[in-house]
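FYI, it's all coordinate maths here, none of it is from the lab. Model, not experiment: these values are computed from the prediction. Quick reminder, even Gly has a Cβ in these numbers, built from the backbone with ideal geometry, and neighbours come from all protein chains shown.
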C-alpha cells in the first residue's frame, strides 16, 4: 500500500492574520501549507512546488488579484482545485469567482468547519 503524502495547500492571502488562522485550521489535515501574499506569488509557488493539491485564493490582493491568478493557474493546471475566499461577499462575487475558474467559494469570515469541509472535499482523490 502506498503511503499517503501530506497534501500541499497554498493560501493566497495578503493579510497575515487571515493566513495564520487558515493555516491553523488546516493543520488538522497535516497539510504542507504555503503562503502567497499576492497573485504573482501564488502562480510562482504553484510553478515551484511539484504537486499543489489545493489553493485557497483571496480575490482582493495587491499586484495581481485572485481572479487573474486563478485564470493563469487554471490554464496551466486545469485539475488544480482553486477555492475563492473574499470578505467582499457581493452577490456577483461568487459568480465572478466561478467564471474565473474557481471550483468553490468561501465568504469571510470563514468558519473553521466550512474550511475543513471544503478542504476535505477537494483533497479526497
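For this structure, a couple of remarks:
- Peptides 110-123, 50-63 ranked from most to least packed, by the mean per-residue count of other Cβ atoms within 10 Å: 50-63, 110-123.
- The Rg/Rh ratio for the chain, using Cα coordinates for both the radius of gyration and the Kirkwood hydrodynamic radius, is 0.93.
- Fraction of beta bridges assigned by DSSP in the chain that are antiparallel (%, nearest 5): 0
- Normalising the average separation of contacting C-alpha pairs (under 8 angstrom, six or more residues apart) by the number of residues puts the relative contact order of the chain at 23 percent.
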